Amino acid sequence: MAKPKKSRNSAPDPSVAARLPWQPSAPPLATALLISFAALLLRALVSVGPYSGQGAAPKFGDYEAQRHWMELTLHLPSSDWYRNTSDNDLAYWGLDYPPLSAYQSRLHARLINASLPDAVALRSSRGFESHESKLLMRWTVLSSDLMVFFPAALWFVWAYIKDGVGGSGERREGWMWLLAMVLLNPCLVLIDHGHFQYNCISLGLTLGAIAGILSRNELVAAALFSLAINHKQMSMYFAPAFFGHLLGKCLKRKCPIVEIMKLGFVVLGTFALVWWPYLHSYEAAMQVISRLAPFERGLYEDYVANFWCTTSVLIKWKRLYAIKPLKLMSLSATILAFLPSFIQQVKSPSNLGFLYSLLNSSFSFYLFSYQVHEKSILLPLLPASLLALHEPHLHGWFTYYALFSMYPLICRDQLLLQYIAVLGLFVLIYYSPGGNYGKGTNISSGTMAVLSLPLLCSILLHTVYLQIEPPKRYPFLFEALIMFICFSQFIILTLYTNYKQWMLDFHPRPVGSKKDL
């Protein structure tokens, strides 16, 4: 019997027409380019808004700090970048990042100097602001993001899906949604392209190192992570996870000493290249190191949602203890917090365990280390976004509260419109058809009811913070409430992720199998 011919003019399938880019029928290359372009466009739109300290003389904000570092690195020799001189007043936004960050400032300064030399002129450019200089400065961040973070994100997603890190339960076409979650991170977009920083470089190098480990290029990973540390010292938040995972792998191979030595040579060689201008004398090296550890700034900054700031409402840490005992207490608490995660990876290294370990290690530093500010939440948020396919509920929950924890900072920067826009876009993509929400762990109605209480409070506080004046006796009451809510959620999340990491030892797939090693 002849098969009936299909009509050429038949209407298209509505389900096909409504497909989103990350649904399985889309061509992979075109989809990756489309998602990347959308992420780049979002960054460009956010960058049109104001930046940190705009028009706020005499010290302005992070925008002026980055511009000032360009000015210094362009005109002064590297030996004077970290020293107090007549041309370099360390009290006015002194350089306090490692040498790689200084080299990046010098490169960007050369580009800006070619078009607008007044913006980076020595001494006379302090507080320089113009539409043209803002455009040039914004383009340096956009180009850095495009050249470092975007390729690293694509490499990670490719390695994650190729290796099957999340297990057989994850759909391979989910890589498109995962890429969207990584590139459209609302917190990173707002801080780098709104507030104004270059976190995309250090986080991009770290992400490249993670991708290197997933694709079993450990030496490349060691070099990239060393570069990340030498760009921003806060990348050390991930160091226990990298060290524990690589050590655990090396110990399970035929010649562990040789494997460890190879990694050690790569790390030492990378550090030597970056620090070469300062290795001629002990004094020069120590001058840089002293600038990287600003203990005089105190235990924390502003109302950061970590242990020390939250508990300071009851225990006045800064009044009761000097800097030295506070450093010891914070160091001890941080080590105790990341130690279980570290031990698990040394004992049973696996790629999925490594991603959990990155999250647990960075959370430990954020919650307990010395001199943490609210923007540091970007570090644990990176591995949380990498686990989005495996832990969609955790990723969505954490992203919301990470963004909420920076709400007072965003309001000070007058980026409320951008805040609402990127949060709305994230929610739309997160809950979109074809996404991965709802395909993870089932949450009971009782648990959802408990979790809904802080969510409702946070939604209410968004309006209260803008519309109601706090009591004169407690001028920072609303900041404190935001801090309490976010801290409570961060503690719950870190306990959960530590539990999930240790439960990997009971997973049917042998942890630390040859596939991961």
| Hey, what angle do you get for helix 351-368 against the long axis of the chain, alpha-carbon based, 0 to 90 degrees rounded to 10? | 40 degrees
| How many percent of the accessible area of the stretch 52-129 is carbon or sulfur, using a 1.4 Å probe? | 52 percent
| note | Long-range alpha-carbon pairs in the chain, meaning those over 34 Å apart, account in percent for 39 percent
| For the Cα atoms of the chain, what angle does the longest principal axis make with the long axis of helix 445-467, in degrees from 0 to 90, nearest 10? | 40 degrees
| Mind checking the angle between helix 477-503 and the chain's longest principal axis? C-alpha axes, 0 to 90 degrees, to the nearest 10. | 50 degrees
| request: At q = 0.12, 0.15 Å⁻¹, what is the base-10 log of I(q)/I(0) for the stretch 80-165 according to the Debye formula with one equal point scatterer per Cα and no solvent? Please give it to two decimals. | output: -0.52, -0.71
| said: Once you keep just the Cα pairs under 8 angstrom separated by 6 or more residues, what percentage relative contact order results for the chain? | reply: 17 percent
| field | Solvent-accessible area per residue for the stretch 52-129 (1.4 angstrom probe, square angstrom) | value | 41 Å²
| task | Whole number please: convex hull volume per residue, Cα atoms of the stretch 181-254, in Å³. | result | 90 Å³
| Per residue, how much space in cubic angstrom lies within the convex hull of the C-alpha atoms of the stretch 52-129? | 83 Å³
| request: With +1 on each Lys and Arg Cβ and -1 on each Asp and Glu Cβ, and nothing else charged, work out how big the dipole of the chain is about its Cα centre, in Debye to the nearest 20. | output: 1400 debye
| Using a 1.4 Å probe on the protein chains only, how many percent of the accessible area of the stretch 130-506 belongs to carbon and sulfur? | 71 percent
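The values are calculated or read from the model by the stated rules, or taken from the named source; none is laboratory data. Note that the structure is a prediction, hence the values are computed from the model and not measured. Every residue, glycine as well, gets a Cβ built from its backbone with ideal geometry; the counts of neighbours run over all protein chains shown. Side chains included, ligands, DNA and RNA excluded: accessible areas come from the protein's heavy atoms. Shrake-Rupley method; radii C 1.70, N 1.55, O 1.52, S 1.80 Å.
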